[in-house]
Amino acid sequence: MTQYELYKGKNNLWHYGRKPKVGLVVEGTLRLEDLIQAFSTELETLTTSHAVSGVKSAARRAVGPSSIEFKQGVIEDLVEALNSYSPDGIWFGVSEQGQDQFGWWEK
């Protein structure tokens, strides 16, 4: 069961949801569709808010036969959305250890 809590995120904005924890979200793939699926699933677990519904909707469309540019834009939007939920000292992105490791990392 997901445990929700109130915490302060980026730019001192308060969030109610699952607080991100340092660790992998996805590894071993650079396929855009795989990254979109993993990132959008992670975003869904962080919030009970409908504020990110536009990004999640674009992510669903990008899994189909969309252009590479569209998929890359969706990934950038997902990373930005995920980082908006990051508490102090943690960020979301690619690991410094491996280019196929994406998750939450300490600054």
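The values are calculated or read from the model by the stated rules, or taken from the named source; none is laboratory data. Computed from a prediction, not measured in an experiment: that's the story for all the values here. In this analysis, Cβ positions are derived from the backbone assuming ideal geometry, glycine residues included, and neighbour counts consider all displayed protein chains.
With respect to residue 81, determine if the residue is at pLDDT below 85 and crowded, with 18+ Cβ neighbours inside 10 Å. The answer is no for residue 81. Can you tell me which residue within the stretch 84-107, out of those that are over 12 Å from residue 39 (Cβ atoms) and hydrophobic (A, V, I, L, M, F, W, C), is surrounded by the fewest Cβ atoms within 10 Å (Cβ to Cβ)? Here the residue is 91. Taken together, the residues in the stretch 21-43 that are surrounded by fewer than 13 Cβ atoms within 10 Å (Cβ to Cβ) and over 14 Å from residue 99 (Cα atoms) amount to 3. Looking only at residues in the stretch 54-78 that are in a helix (DSSP H, G or I) and exposed (fewer than 11 other Cβ atoms within 10 Å of the Cβ), the one that is modelled with the highest pLDDT is 76.
Against the conditions (1) surrounded by fewer than 16 Cβ atoms within 10 Å (Cβ to Cβ); (2) at pLDDT below 90; (3) under 21 Å from residue 102 (Cβ atoms), residue 15 satisfies every one except (1).
Right, residue 41: hydroxyl-bearing (Ser, Thr, Tyr), closer than 22 Å to residue 94 by Cβ and modelled with pLDDT of 85 or more or not? Explain how you work it out, then say what you get.
Working: hydroxyl-bearing (Ser, Thr, Tyr): yes; closer than 22 Å to residue 94 by Cβ: yes; modelled with pLDDT of 85 or more: yes.
Yes; evaluated as a whole, the condition is true for this residue.
The single condition among (1) of a type outside the set (S, T, N, Q); (2) on the phi > 0 side of the Ramachandran plot; (3) at pLDDT 90 or above that residue 89 does not meet is (3).
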